[in-house]
Amino acid sequence: FISYAKIVFAQNKVWSNVSAGIESWSWSSRQLSLQSGGTVTIPCHYNMKYIQHKKYWCYDAKAAFNYCKILAYGNTTKGRVTVTDYPAQSLFTVTMRDLRSGDTGMYWCAVEIEGLWPDVKEDIYITVKSVPDMSVEESSVSGQEGGSVSVQCLYSAGHQNELKQWCRSKDQRCYTVGRTDTSQNSAVQINDDGRRSFSVEMSGLQKSDAGWYWCKTGDLQVPVHLSVSDAPPGTIANTDI
Ligand SMILES: *[C@@H]1O[C@H](CO)[C@@H](O)[C@H](O)[C@H]1NC(C)=O
């Protein structure tokens, strides 16, 4: 009796035990440590083929039971949660405001698949506490084409000896301590003070560098958004060389 089942599951989701990540990512679930009272915006990338599908953010995910509670669908705000889909970038963002310790738990970034197929999803484990184990001074930074930006990633003492990385979200490309010149003209320099913070400096910024990144230490990560505006008039962008 299908219509009855649809009513029952309208706010919940049931999966078969198939998917891992929103397409093709094999790494373990993301872990975020967030501050109570704070706000976070998390990018969720999806395969282009899902552009037309509904996106949603789901809480209390219990993989063993293939169950979770939908908090909001794409381009809606429900209570403290906003989900915004950016089809041109094949990503959606989830903003959670006024975080509380009770928000701690497993979440899914998910794409709805009509019919009997399981939805595709990515696991995100969030812990909310008064002093988070990782944070950034600014979760959104902006620079000009050809210019530079720096980001300060802060971590707690227990994470001193872990690998520190700066990873671009869309292709999972990561940079580690030291200097790396990217395939384009921008360069990434990471310095770890070995105590409570590491800095990331991106120079020779390109328009294509804009987007979402993650500060990472071990399994913990924090999202950072980078926007890149036009070069100031009179300067020659690297792309012109
Ligand atoms: C959702 O909002 C974004 C940003 O405003 C917009 O680009 C997109 O087209 C909207 N998506 C839908 C499905 O309405």
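Could you tell me which residue of region 33-58 is farthest from the ligand (Cβ to nearest atom), considering only residues that are within 14 Å of M96 (Cβ to Cβ), within 18 Å of the chain's Cα centre (by Cα) and surrounded by fewer than 18 Cβ atoms within 10 Å (Cβ to Cβ)?
Q35
Please specify each residue of region 134-185 satisfying the condition of being open to solvent by 70 Å² or more (accessible area, probe 1.4 Å), touching a helix residue (DSSP H, G or I) at 6+ places or on another chain (Cβ under 9 Å) and either of a type in the set (S, T, N, Q) or under 16 Å from L220 (Cβ atoms) (or both).
Q184, N185 - these are the residues of region 134-185 that are open to solvent by 70 Å² or more (accessible area, probe 1.4 Å), touching a helix residue (DSSP H, G or I) at 6+ places or on another chain (Cβ under 9 Å) and either of a type in the set (S, T, N, Q) or under 16 Å from L220 (Cβ atoms) (or both).
Here's a check for you: in region 30-50, which residue that is hydroxyl-bearing (S, T, Y) and modelled with pLDDT under 95 is nearest to T93 (Cα to Cα)?
The residue in question is Y46.
For region 90-115, enumerate the residues that are over 25 Å from V131 (Cβ atoms) and surrounded by fewer than 16 Cβ atoms within 10 Å (Cβ to Cβ).
Once the filter is applied, which keeps residues that are over 25 Å from V131 (Cβ atoms) and surrounded by fewer than 16 Cβ atoms within 10 Å (Cβ to Cβ), region 90-115 yields I113, E114, G115.
Applying the selection to region 75-85, what residues are more than 7 Å from the ligand (Cβ to nearest atom) and free of Cβ contacts under 8 Å to residues at least 12 places away in the same chain?
Once the filter is applied, which keeps residues that are more than 7 Å from the ligand (Cβ to nearest atom) and free of Cβ contacts under 8 Å to residues at least 12 places away in the same chain, region 75-85 yields T76, T77, K78, G79.
Please state which one of A72, A110, A88 is within 16 Å of the ligand (Cβ to nearest atom), of a type in the set (A, V, I, L, M) and touching a residue at least 60 places away in the same chain (Cβ under 8 Å).
A110
Of all residues in region 116-129, which are under 21 Å from D219 (Cβ atoms) and open to solvent by 40 Å² or more (accessible area, probe 1.4 Å)?
D123, Y125, T127, K129
The values are calculated or read from the model by the stated rules, or taken from the named source; none is laboratory data. Computed from a prediction, not measured in an experiment: that's the story for all the values here. Every residue, glycine as well, gets a Cβ built from its backbone with ideal geometry; the counts of neighbours run over all protein chains shown. Surface areas here come from the heavy atoms of the whole protein model, side chains and all, with no ligands, DNA or RNA. Shrake-Rupley method; radii C 1.70, N 1.55, O 1.52, S 1.80 Å.
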